[in-house]
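The values are calculated or read from the model by the stated rules, or taken from the named source; none is laboratory data. Remember, predicted model here, so these are calculated numbers, not experimental data. As a convention, Cβ positions derive from the backbone with ideal geometry for all residues, glycine included, and neighbour counts pool all protein chains shown.
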Amino acid sequence: MGVFEILQIIIPSAIFFAAPLIFTALGGVFSERSGVVNIGLEGLMVIGAFTGVVFNLTFAEQFGELTPWLALLVAMIVGAVFSLLHAVASISFRADQVVSGVAINFLAIGLSLFLVKKMYGKGQTDQIQIGFDKIDIPVLSDIPIIGPLLFENGYIPSYIAIALAFVVWYVIFKTPFGLRLRSVGEHPMAADTMGINVARMRYIAVMLSGALAGIGGAVYATIISRDFSHATISGHGFMALAAMIFGKWHPLGAMGAALFFGFAQSLSIVGQTIPFLKEVPTVYLLIAPYVLTILALTGFIGRADAPKALGTPYIKGKR
């Protein structure tokens, strides 16, 4: 097997596994750039995965090929609404943001599994029958070398995730909204004196994080697992959080880190088909993404300076 054939296996697979992480990491960028820690990305992904699969199973006959797209839309809305619990606790009631995020994680998995048990009478849903199909991007897939590696045999949500990273970069760094968002995360009192409603900006940011994490969970469930159970989302929210930190709270950095984690995840799946990885014990390939997550979260990989007001509730009139 030549180098090009190996790359044709690894690169599409890495993009495929990175897409849910990119969506969720971008959501984390919005929340934490506003000054609100969002440990609850894992729980928001769980809610998105549950919603996406249940909607798909319930309405597949009515909506046909539109079902997976509508499932993503519904998961986005439910994720945004669910994130309000974290927003109310951490912004309005000024609760500890880490504790609130952990509570969201426990609540999401408990609630979703309870509903699955009630609805399906077992610990997991049925397999969805209508999902996203692999496609070749017209024109781009015809580019020599690059085309077959990047634009063949892929899923549309994967390409949307990558494009969205550039959109989020533009919104955060090139628009008045992004300037206000960054200001409430760096110095909320200064932002307040300039007439910016700090609480409202933070609510919007947290809801955006919930919406994008909901999409990330739904993308994972409808493309990769194709059902929902307690193990569908197992640490992926924390990988997305690590990607955000590894990317230094920058949308494009988060995307790059998510692609790196996606690459690590893909090796655990396709590793046995690659000659030089066949001898590596599977368990090492399986734990690689989680080891990288721990290293990123502990700050081992480079220095990452968080927004100055991250994790600090804002009390009007107090420094």
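May I ask you to list pairs of residues, at least six apart or on different chains, whose Cβ atoms are under 6 Å apart, with the first in the stretch 131-149 being without any contact (Cβ under 8 Å) to a residue 24 or more places away in the chain and hydroxyl-bearing (Ser, Thr, Tyr) and the second being surrounded by 13 or more Cβ atoms within 10 Å (Cβ to Cβ) and in a helix (DSSP H, G or I)?
Going by the 6 Å Cβ cut-off, the qualifying pairs are SER141/GLY147.
For the stretch 193-202, give me each residue that is under 30 Å from the mean Cα position of the chain (by Cα), in a helix (DSSP H, G or I) and farther than 18 Å from GLY311 by Cβ. Even if it seems obvious, please write down each step before you answer.
The first filter runs over the stretch 193-202 and keeps only residues under 30 Å from the mean Cα position of the chain (by Cα), leaving 196-202.
When the remaining residues are screened for being in a helix (DSSP H, G or I), the result is 198-202.
Residue satisfying the conditions is ARG200 alone.
Answer yes if at least one residue in the stretch 142-151 is among the β-branched types (Val, Ile, Thr) and outside any helix (DSSP H, G or I), and no otherwise.
yes
Taking the stated definitions as given, is PRO20 crowded, with 24+ Cβ neighbours inside 10 Å and either assigned to a helix (DSSP H, G or I) or at pLDDT 95 or above (or both)? First the steps, then the outcome.
Details: crowded, with 24+ Cβ neighbours inside 10 Å: yes; either assigned to a helix (DSSP H, G or I) or at pLDDT 95 or above (or both): yes.
Here the answer is yes, as PRO20 does meet what is asked.
What do you reckon, is PHE177 modelled with pLDDT of 95 or more, in contact with a helix residue (DSSP H, G or I) (Cβ under 9 Å, 6 or more places away or on another chain) and in a loop (DSSP other than H, G, I, E, B)?
no
Just to be sure I understand, how many residues within the stretch 30-57 are among the aliphatic types (A, V, I, L, M), under 15 Å from the mean Cα position of the chain (by Cα) and within 12 Å of PHE228 (Cα to Cα)?
So the count comes out to 4.
Would you check if VAL98 is in contact (Cβ under 8 Å) with a residue 40 or more places away in the chain, within 21 Å of PHE50 (Cβ to Cβ) and β-branched (Val, Ile, Thr)?
On the way: in contact (Cβ under 8 Å) with a residue 40 or more places away in the chain: yes; within 21 Å of PHE50 (Cβ to Cβ): no; β-branched (Val, Ile, Thr): yes.
It is false that VAL98 is in contact (Cβ under 8 Å) with a residue 40 or more places away in the chain, within 21 Å of PHE50 (Cβ to Cβ) and β-branched (Val, Ile, Thr).
Please list, ordered by first then second residue, the pairs with beta carbon atoms under 7 Å, 6 or more apart or interchain, first in the stretch 261-275 and buried (at least 22 other Cβ atoms within 10 Å of the Cβ), second part of a helix (DSSP H, G or I) and β-branched (Val, Ile, Thr).
GLY262/ILE15; SER266/ILE10
Looking at the stretch 214-244 only, could you name the residues that are of a type in the set (A, V, I, L, M) and either crowded, with 24+ Cβ neighbours inside 10 Å or not in a helix (DSSP H, G or I) (or both)?
Of the residues in the stretch 214-244, the ones of a type in the set (A, V, I, L, M) are 215, 218-219, 221, 223-224, 231, 233, 239-244.
Residues satisfying the conditions are ILE215, ALA218, VAL219, ALA221, ALA231, ILE233, MET239, ALA240, LEU241, ALA242, ALA243, MET244.
What's the number of the condition ALA163 fails, among (1) touching a helix residue (DSSP H, G or I) at 6+ places or on another chain (Cβ under 8 Å); (2) not in a loop (DSSP other than H, G, I, E, B)?
(1) is the only condition that ALA163 fails.
How many residues does the stretch 60-79 hold that are more than 16 Å from ASP133 (Cβ to Cβ) and either without any contact (Cβ under 8 Å) to a residue 12 or more places away in the chain or among the charged types (D, E, K, R) (or both)?
3
Filter the stretch 248-276 down to residues that are assigned to a helix (DSSP H, G or I), within 13 Å of SER13 (Cβ to Cβ) and of a type outside the set (S, T, N, Q), then give me how many there are. I'd like the intermediate steps shown before the answer.
Narrowing the stretch 248-276 to residues assigned to a helix (DSSP H, G or I): 251-273, 275-276.
So of that shortlist, the ones also within 13 Å of SER13 (Cβ to Cβ) come out as 259, 261-273.
Those left that are additionally of a type outside the set (S, T, N, Q): 259, 261-264, 267, 269-271.
Within the stretch 248-276, residues that are assigned to a helix (DSSP H, G or I), within 13 Å of SER13 (Cβ to Cβ) and of a type outside the set (S, T, N, Q) number 9.
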